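Right, one structure below, let's go through it.
The values are calculated or read from the model by the stated rules, or taken from the named source; none is laboratory data. This one's a predicted model, so the numbers in the text were calculated from it and none came from an experiment. For neighbour counting, all protein chains shown are included, and Cβ atoms are generated from backbone atoms with ideal geometry for every residue, glycine included.
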Amino acid sequence: MEGTIFPNRPTLPIQQAKPIPIPIPIPISPPQQQQQQQQPNMALKFSSTTLPLPPQQPQNPPSLAIDSLLQHLLHLSSTPTNTHFPKLIKSSNSKATLLPSLPLSSLEPFNHHSFNGHASVCATRLAVAAVEEEEDDKGVAALDFLSDKSKLLLNSMLGIPLYSLTEFFDSVKFDLVEADLISLLKGLDVLGNWEKAVLLFEWGLKNVRAKDERMNYQVVELMARILGRESQHTVAVKLFDVIPLEEYILDVRAYTSILHAYARTGKYTKAVSIFENMKEKGLVPTLVTYNVMLDVYGKMGRSWDKILFLLDEIKSRGFKFDEFTCSTVIAACGREGLLDEARDFFAQLKSQGYKPGTVTYNSLLQVFGKAGICSEALSILKEMEDNDCPPDSVTYNELVGTYVRAGFLEEGVAVIDTMTRKGIMPNAVTYTTVVDAYGKAGKVDEALALFNQMKVSGCVPNVCTYNAILGMLGKKSRSEEMIDILFDMKVNGCPPNRITWNTMLAMCGGTGKEKFVNRVFQEMKRSGFEPDRDTFNTLISAYGRCGSRIDATKIFEEMMEAGFSPCVTTYNAFLNVLARKGDWKAAELIFRDMRNKGFKPNDTSYSSMIQCYAKGGNVRGIQRIEREIYEGQIYPSWMLLRTLILANFKCRSLSGMERAFKELQKSGYKPDLVVYNSMLSIFARNKMYDDAQEIMQLIQENGLHPDLITYNSLMDMYARAGECWKADEVLRNLLKSGGKPDLVSYNTVIKAFCRQGLMQEAIQIMSEMTTRGIRPCIVTYNTFVAGYAGRGMFSEVDEVISYMIQHGCLPNELTYKIVVDCYCKANKYREAFDFVLRIKEKDNSFDDQSLDRLSSRIRQDGQL
């Protein structure tokens with residue numbers, strides 16, 4: 001195989017000198033260079049005169065420039081100044097903008113410079129507009145229901161900025177109380193001033209409650225409709241949280257808008273309470289109301305029985321399921337991982353004569369796509385085409401998501417071309433799905449290239465696209481590029497949303513970074529972004545990565561106090577916290593509580609448990625989940641099988657890795673490079689060269705490019721096999737391919753040469769390493785100590801130790817233990833004692849307890 005990086009399987013006996021070059025399937029260094037490496041001009045020793053000086057201590061890796069990023073995000077989140085001046089509403093018999101009953105002095109402060117000049121400028125422009133506007137203006141004609149008095153009041157409201165409006169209301173309190181509040185709210189709504197309508201409503205609510213009265217139910221209904229139409233769900237929830245809705249009997253339309261607001265803000269328990277209260281009052285829900293509640297139960301989780309009950313109730317009312325009904329129920333199955341229930345519901349729909357539309361098919365496609373089941377997703381797509389149901393952009397977006405979840409990243413990218421050929425232009429969701437997948441695979445440059453391609457093609461990125469880019473750059477601490485992305489958001493008029501702030505919170509998670517998380521969270525709230533359930537879940541995960549379980553628990557309590565009930569994601573966040581610590585006992589308690597409360601664990605839940613068992617060294621725990629997967633009790637998704645491979649690798653379980661890898665292949669999933677590298681490493685450690693060769697072939701056949709870990713695994717395999725020259729060839733090939741060896745690469749090749757007694761070659765590798773700016777570590781030096789001591793070259797051992805101390809790498813107890821053991825092995829006990837006694841002369845930092853342990857070791861060995 002020409003061009004491969006995998007040398008032929010090593011042959012025994014172990015080579016003690018460099019072999020005659022033979023054809024091998026990797027490019028090797030030119031003969032001249034090889035000869036130069038084999039026969040240096042002079043013998044190298046551990047001395048500053050013959051070796052290049054080690055580079056300085058490496059600097060800390062780049063960290064996120066939190067302060068700079070936060071300042072840019074705060075600037076971007078600030079509300080832009082509104083330069084639009086609303087049109088004045090003229091009275092039918094007067095051109096005056098002031099109420100006859102209102103003395104001029106009462107409005108003077110609002111036209112005075114005390115309001116930063118803005119109100120006075122605004123009033124001047126409004127006065128000019130009042131003269132120039134024509135009576136037949138459509139906006140004015142739509143306000144014929146207003147009395148002259150109300151029109152004049154409305155004019156005054158339009159001329160005052162939001163921050164001064166409440167003070168204005170107080171100054172004209174008598175006129176507002178006498179006026180028709182509903183008409184004024186309708187007028188503001190017609191003119192598109194919903195913000196001022198909210199302020200007027202709040203002012204009216206405050207004054208009504210001060211009198212121990214109740215707000216007119218028609219006013220409440222109107223505000224529900226206004227905020228529902230404007231999709232101001234957060235504002236609506238804040239308003240209706242302080243209104244005793246149980247004391248009102250509103251119309252069904254208003255209740256539906258309120259329920260939708262609570263559903264969209266994640267306050268599902270309150271939505272269920274309002275729905276039940278509504279039915280108790282004898283109101284009959286519409287199909288739209290039922291659809292909203294199906295969505296509530298679907299997002300609430302552990303509610304499949306309640307969904308079935310609602311479906312029966314819908315039928316008993318004589319309603320027929322529409323596309324929203326069907327797609328919402330199927331989507332609920334997807335959230336809970338109820339694959340069989342989704343199949344059965346869809347089959348039942350078709351048996352009853354229902355002809356699914358594109359929206360319903362898309363929901364079903366999402367269910368199986370989310371589980372990474374490509375075969376089922378493709379069969380759904382085929383059924384759509386067979387039934388003349390045209391796929392749309394959402395269909396293909398779900399297909400892209402299905403591919404990338406199953407590990408078929410390139411196939412997901414190819415869908416973009418397929419869409420274009422079929423005349424369906426990829427949208428922001430399409431590109432964002434692939435960009436996000438590239439980011440999760442660590443292919444940031446490919447993601448950025450696709451992002452640029454997206455903009456060149458004319459597809460405008462949305463806030464989700466930017467959030468995905470920011471997230472992946474944050475993981476790599478590429479702060480300058482993150483700032484560029486924030487600038488790009490500003491240029492394209494794309495303001496950050498709550499998810500942008502959540503992304504920033506997630507990036508701050510790390511050991512010792514609790515203060516950054518706290519700061520970003522406080523700034524987020526100051527910028528007007530109230531935390532939602534996703535924010536709290538993100539905070540739990542972030543504090544977990546900081547190693548602060550106490551803060552994570554406090555956030556959970558704060559979440560409950562804010563009215564957000566926990567969901568599967570919340571439990572998964574806690575499991576992730578515990579997985580980092582390997583605290584599998586606490587994780588089992590969380591997992592049990594999750595099930596007891598009716599939540600169905602998903603792939604992420606089981607994956608976190610497997611990782612927790614692996615971190616805690618609980619092999620039996622891993623095996624217990626394995627059995628459930630292989631026996632069909634848990635669906636073997638790509639994520640779970642991949643996690644099993646990595647967990648078994650961590651526990652050094654070859655059989656567990658092999659079985660999970662075969663299951664991954666049998667299920668039609670595509671392993672990623674991390675999986676292949678893990679398999680290659682375990683085969684290398686077990687000297688399974690044929691299996692390692694097969695893995696390398698699979699890497700190439702699947703179009704993957706070996707990375708540094710791949711090369712290092714190959715070097716390690718040859719080092720363990722005693723094939724030092726082939727380990728060196730892999731290193732040469734890495735350099736030739738443009739790769740950058742790291743400390744592990746050089747240490748591995750040094751180990752290979754030292755084990756064969758080729759100390760000059762090992763020193764030359766270290767010389768090359770330091771020349772390339774890589775500083776030797778304690779492992780490097782201990783390898784040389786072991787190589788020299790194992791061959792009785794104790795004077796060279798002294799040189800290495802002196803060199804270590806001279807260049808700031810103090811020997812550890814293992815360093816001296818290696819030397820002592822080699823003296824004892826050669827029956828040189830007196831020399832061993834002498835060596836221990838001289839340690840303090842060279843290394844005064846070495847503690848007395850360690851010296852005693854070394855001396856005791858010599859005595860014990862001498863008595864055997």
Checklist line | Odd one out for Gly787, checked against (1) crowded, with 22+ Cβ neighbours inside 10 Å; (2) modelled with pLDDT under 90 | finding: (2)
Next item on the list: State which residue is surrounded by the fewest Cβ atoms within 10 Å (Cβ to Cβ) when the search covers only region 694-728 and only residues that are more than 35 Å from the chain's Cα centre (by Cα) and part of a helix (DSSP H, G or I).
Entry: Arg720
Item checked: Any chance Leu758 is closer than 30 Å to Leu708 by Cα, surrounded by 16 or more Cβ atoms within 10 Å (Cβ to Cβ) and among the aliphatic types (A, V, I, L, M) -> yes
Check: Which fully enclosed helices (runs of 4 or more DSSP H) of region 144-211 have 3 or more residues being among the aromatic types (Phe, Trp, Tyr), touching a helix residue (DSSP H, G or I) at 6+ places or on another chain (Cβ under 9 Å) and closer than 27 Å to Thr234 by Cα?
Finding: 162-171, 194-210
Next item on the list: Only residues that are without any contact (Cβ under 8 Å) to a residue 60 or more places away in the chain, buried (at least 20 other Cβ atoms within 10 Å of the Cβ) and over 27 Å from Ala261 (Cβ atoms): list them for region 499-540, please.
Entry: Gly509, Lys513, Val517
Check: Of the residues Thr234, Thr256, Thr265, which is at pLDDT 85 or above, among the hydroxyl-bearing types (Ser, Thr, Tyr) and under 27 Å from Leu165 (Cα atoms)?
Finding: Thr234
Next item on the list: Scan region 543-559 for residues that are aliphatic (A, V, I, L, M) and modelled with pLDDT of 85 or more and jot them down.
Entry: Ile555, Met559
Notebook entry, point to check: Taking region 587-607, which residues are over 16 Å from Cys651 (Cβ atoms) and either among the hydroxyl-bearing types (Ser, Thr, Tyr) or surrounded by 16 or more Cβ atoms within 10 Å (Cβ to Cβ) (or both)?
Noted result: Ala587, Glu588, Ile590, Phe591, Met594, Phe599, Pro601, Asn602, Asp603, Thr604, Ser605, Tyr606
Next item on the list: Taking Cys494 as meeting all but one of (1) modelled with pLDDT under 85; (2) assigned to a loop (DSSP other than H, G, I, E, B); (3) under 16 Å from Ser77 (Cβ atoms), write down the number of the exception.
Entry: (1)
Check: Restricting the search to region 619-635, which residues are in contact with a Lys or Arg (Cβ under 9 Å, 6 or more places away or on another chain) and either of a type in the set (D, E, K, R) or buried (at least 19 other Cβ atoms within 10 Å of the Cβ) (or both)?
Finding: Glu626
Checklist line | Residue satisfying condition, being closer than 26 Å to Ile750 by Cβ and not β-branched (Val, Ile, Thr), within set Asp821, Asp847 | finding: Asp821
Item checked: Top-ranked residue in region 592-650 [being of a type in the set (A, V, I, L, M, F, W, C) and part of a loop (DSSP other than H, G, I, E, B); ranked as nearest to Gly372 (Cα to Cα)] -> Ile634
Note to self: The conditions are (1) of a type outside the set (Lys, Arg); (2) out of contact with any Pro (no Cβ under 9 Å at 6 or more places or on another chain); (3) over 25 Å from Lys267 (Cα atoms), and Val296 fails exactly one of them. Which is it?
What the structure shows: (3)
Item checked: Lone qualifier among Val296, Val272 - being free of Cβ contacts under 8 Å to residues at least 40 places away in the same chain and either at positive phi or surrounded by fewer than 21 Cβ atoms within 10 Å (Cβ to Cβ) (or both) -> Val272
Check: Right, Tyr438: at pLDDT below 90, aromatic (Phe, Trp, Tyr) and out of contact with any Leu (no Cβ under 6 Å at 6 or more places or on another chain) or not?
Finding: yes
Note to self: Restricting to region 651-693, and then to whatever is among the hydrophobic types (A, V, I, L, M, F, W, C) and not in a helix (DSSP H, G or I), can you tell me which residue is modelled with the lowest pLDDT?
What the structure shows: Met688
Checklist line | Scope region 571-586; condition among the polar types (S, T, N, Q) and at pLDDT 90 or above; matching residues | finding: Asn572
Check: Going through region 378-436 one residue at a time, which ones are of a type in the set (Gly, Ala, Ser), crowded, with 22+ Cβ neighbours inside 10 Å, touching a Cys at 6+ places or on another chain (Cβ under 9 Å) and assigned to a helix (DSSP H, G or I)?
Finding: none
Notebook entry, point to check: Of everything in region 325-356 that's of a type in the set (Phe, Trp, Tyr) and buried (at least 18 other Cβ atoms within 10 Å of the Cβ), which residue is nearest to Phe599 (Cα to Cα)?
Noted result: Phe345
Check: If you check Val219, Val237, Val242, which single one turns out to be β-branched (Val, Ile, Thr) and more than 27 Å from Met559 (Cβ to Cβ)?
Finding: Val219
Note to self: As an exercise: evaluate Arg830 against (1) without any contact (Cβ under 8 Å) to a residue 24 or more places away in the chain; (2) under 16 Å from Cys754 (Cα atoms) and give the number of the one condition it does not meet.
What the structure shows: (2)
Next item on the list: Could you list all residues from region 329-368 that are in contact (Cβ under 8 Å) with a residue 12 or more places away in the chain and outside any helix (DSSP H, G or I)?
Entry: Gly337, Leu338, Tyr354, Lys355, Pro356, Gly357
Next item on the list: Would you mind stating whether Glu796 is surrounded by 17 or more Cβ atoms within 10 Å (Cβ to Cβ), within 20 Å of Val819 (Cβ to Cβ) and of a type in the set (Asp, Glu)?
Entry: yes
Margin query: Restricting to region 543-567, and then to whatever is under 16 Å from the mean Cα position of the chain (by Cα) and assigned to a helix (DSSP H, G or I), can you tell me which residue is surrounded by the fewest Cβ atoms within 10 Å (Cβ to Cβ)?
Written below: Arg545
